[in-house]
Amino acid sequence: MIKDIIQVKRLTFLTLLAFTHLAFISLAQAADTPFGLDDEEEQEVKVERANPDPMGEMLAALVKELPAEEVVNLTLNDEETFLALERAALSFKPKGQVLMLPGDRQHPNWPQGIAPLRQVLPEYGWTTLAISLPIYKSAGVAKRTLGPGPLLGYISKSSEPAKSSEKSDPDTGADVGFLGGDEDEQEEVVVEVVDPVEALNAHRALIEARLQAALQHLGNQGKQVLVLQGESIYWLQPWLKTDKLPKKSPLILLYVEAPAGADSVSFAELIKHLGNRPILDIYAGQNTLQASWAAERKAAYLRAGNKQAVQMAVKVPVSSSDGTDSRWLTQRVEGWLRGLR
């Protein structure tokens, strides 16, 4: 009887030992292919992390959802194009054209602001064209040099030769970085610091190139209206100061945001330079920061003597899901445009 018990215990011990051995073999194999990925899949993951393209992914999904006749690829040069969405005026006598620029990290069919205007204004006789813009990169991209977790950090270390200078636990001799070692050793982030002003100026050149291509595509057929959402007004500051936009062309500002490197003083100077131009300035009234910026712009309109500048606060949440904000926006914009001489 005792011999049977000893034999059972011995078999149990050998079974546990075998499972432990298999576990260490799997861990060693994972050193070269983390989490069971083969070399090709691992390389694809690394490339995806190093070169993310969120805007490209959004635009690709957008093209699949929208009617093909709305999708336009505008040419920047012989080798580069960019996406735009166009809807023709549903009228025998079109009133003009509305060119729309979304905010940073927003696509040309952004639900809050751009999309409802782009889709509804053609019913009132306006041709709309919304263009895609590159993402504003003001401070470079942080690069992860080690894995995001302790296990992946250990796997990365286990694939390298051991160094005599590595810290070890005095009792077990194991690497301190294994499963909860020093955080500084587990992850290192490298950030390339860029002057925000230089980044803003470089981005402005990219935006102006797309704007010129869009204007050339539209041609000169009736009144031209420029809709600038988010940070777009700041990107076009130098372009607007060159008076390339006709003085009677209406300007619509939607939920103005200030990008890194922007100067509020220079923005006030731009408003003064625009003079008595028709401007419709719509902001989110429930947003404290938006309301504060709107007050500064209102003071600048008054100092510039602009009697055609009109400000409106959205009285419902910009992100309301029932479409109330979209109806309010389209009705106010269309009514304002209709009232212009």
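The values are calculated or read from the model by the stated rules, or taken from the named source; none is laboratory data. Please read these numbers as outputs of a predicted model, since none were measured by experiment. As a convention, Cβ positions derive from the backbone with ideal geometry for all residues, glycine included, and neighbour counts pool all protein chains shown. When the accessible area is computed, the model is the full protein with side chains, heavy atoms only, and any ligands, DNA or RNA have been set aside. Shrake-Rupley method; radii C 1.70, N 1.55, O 1.52, S 1.80 Å.
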Applied in sequence order to region 260-277, the curve 6.51 cos²θ - 1.76 cosθ + 1.60 (Karplus, θ = phi - 60°) yields integer Hz couplings, x standing for Gly and Pro, of 4, x, 7, 10, 5, 5, 5, 5, 5, 5, 5, 4, 5, 5, 5, x, 8, 7
What net charge is computed for the residues neighbouring Tyr234, neighbours being all others with C-beta under 13 Å from the C-beta of Tyr234, Lys and Arg scored +1, Asp and Glu -1?
-3
Per the 1.4 Å probe, what fraction of the accessible area of region 212-341, in percent, lies on carbon and sulfur atoms?
50 percent
Skipping prolines and chain starts, which residues have an amide H placed within reach, meaning under 5 Å, of the one on Val225, given they are 5 or more residues away or on another chain?
Gln97, Val98, Leu99
Phi angles of region 209-215, converted by Karplus (6.51 cos²θ - 1.76 cosθ + 1.60, θ = phi - 60°) into ³J(HN,Hα) in whole Hz with x for Gly and Pro, give 5, 6, 4, 4, 5, 5, 5
Summing +1 for each Lys or Arg and -1 for each Asp or Glu, what net charge is found among the other residues whose Cβ lies under 13 Å from the Cβ of Gln308?
+4
Neighbours of Asp281 by Cβ distance under 9 Å: Lys/Arg at +1, Asp/Glu at -1, summed charge +2
Can you give the accessible area per residue of region 198-316, in Å², using a 1.4 Å probe?
46 Å²
